[in-house]
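Since the structure comes first, as structure tokens, the remarks are kept for the end.
The values are calculated or read from the model by the stated rules, or taken from the named source; none is laboratory data. What you are looking at is a predicted structure, and each value in this text was computed from that prediction instead of being measured. Counting neighbours? That spans all protein chains shown, and the Cβs are built from the backbone with ideal geometry, glycine included. Note: accessible area is taken over every heavy atom of the protein model, side chains too, but ligands, DNA and RNA are not part of it. Shrake-Rupley method; radii C 1.70, N 1.55, O 1.52, S 1.80 Å.
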Amino acid sequence: MLLRQLEYLTTLAREKHFARAAEACYISQPAMSAAIRKLEAELHVQIIQRGNRFIGFTPEGERILKWAYRILAERDALIEDVGAMREGLSGRLRIGCIPTALCVVPNLTSLLCQDQPRVRVQVSSMTSIEIQRGLSQYGLDVGVTYIDNEPLTGVRTVPLYSERYLLLAAEEDLDDGESATWSEAAEHPLCLLSEDMQNRRILNSVFEQARVKPQPAVETNSISALYAHVREGPWATVLPHSWLLRFGIPEGMRAVPLSEPQISKTIGLVLHDRDPEPILARAFVDTARRVDLDELLDATTPA
């Protein structure tokens with residue numbers, strides 16, 4: 001069995017098309033098909049469902065694919081580990097981050113890159129479900145997501161900060177109080193994240209606790225788009241307090257904490273539950289533990 005054969009399998013799983021997968025691997029389609037057939041012969045199982053086009057993997061193929069992801073990830077970790085012993089840390093750290101935490105990640109990545117200038121960082125905006133999938137398929141090294149809400153499997157977690165929620169609305173649309181209730185928030189014309197975002201599912205559950213059901217006028221999967229709509233249009237929004245760190249409060253608007261109920265959710269790092277930990281993921285965790293994000297965020301948030 002060659003590592004190259006496993007790379008063909010993982011590329012085919014990503015592209016879901018023989019010709020595109022072969023092109024991505026810089027080989028001909030017949031050569032790729034022959035390599036996969038050879039692997040099937042070595043393992044005495046059928047890996048690919050046969051047809052005129054790519055249909056999918058057999059159950060045995062799905063199991064082999066999981067091993068392929070793992071073996072290739074361990075190969076990459078070995079190269080990084082030995083390279084670090086010789087030349088210091090280098091390579092690419094792949095981070096998947098939920099949209100509501102994207103504004104905080106630069107506080108960690110900038111510190112890491114300052115300490116390790118040969119490390120390159122790739123940050124991708126993803127849903128929490130995509131982060132779980134990316135970790136399980138070894139397409140990510142680290143995720144930044146909620147760690148105390150929807151269940152996570154096969155990962156280790158490192159808490160970063162507690163996410164709290166604010167109502168952002170035009171000053172004339174808010175009472176003079178220091179806070180607002182979730183019931184009051186539901187009465188505003190709202191712009192909220194879309195239903196595929198875990199943040200929205202959290203908000204829905206809190207509104208349900210408050211026995212109200214908001215009818216958002218605008219939905220988006222982007223915090224920056226949400227902010228732009230609220231800045232330009234007649235809408236209010238419920239946003240995580242961390243976004244004041246980068247965006248501040250638009251002119252003519254005010255942000256107040258939400259209460260009744262008053263809740264918070266923990267944002268943290270998630271990484272593969274494996275030993276030894278990949279060296280770049282471990283370096284990022286060590287960097288994160290040096291930063292008090294709660295203190296940083298509290299300094300920019302209304303009490």
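Worth a mention:
- C-alpha long axis of helix 59-87 to longest principal axis of the chain, angle in °: 80
- In the chain, the longest principal axis of the Cα atoms and the axis of helix 3-15 are about 40 degrees apart.
- Cβ-Cβ FRET estimate between E172 and R274, R0 fixed at 51 Å, reported to 0.05: 0.40
- Base-10 log of normalised Debye intensity for the chain (one unit scatterer per alpha-carbon) at q = 0.09 Å⁻¹: -0.57
- Dipole of the chain [Lys/Arg +1, Asp/Glu -1 at C-beta], most positive-end residue of L293, L102, L72: L72
- Full extension of the chain between A34 and Q215 yields a length gain of 59.6 nm, computed as 0.36 nm times the residue separation minus the alpha carbon distance.
- Debye equation applied to the C-alpha atoms of region 177-303, log10 I(q)/I(0) at 0.09, 0.10, 0.11, 0.15 Å⁻¹: -0.33, -0.40, -0.48, -0.81
- For the chain, calculated [θ]222 nm from helices alone, where every DSSP H run of n ≥ 4 adds -39500 (n - 2.57): -13000 deg cm²/dmol
- All lysines inside 23 Å of K265 as judged from Cα atoms, apart from same-chain residues fewer than 8 positions distant: K213
- Heavy-atom accessible area for S224, with the other protein chains in place and a 1.4 Å probe, reaches approximately 60 Å².
- Computed from Cα atoms, the angle from the helix 279-288 axis to the main principal axis of the chain rounds to 10 degrees.
- Under 5 Å, built H, 5+ apart or other chain: amide partners of I48: T58
- Bridgeable lysines around K16 (alpha carbons under 22 Å apart, same-chain partners fewer than 8 residues away excluded): K38, K66.
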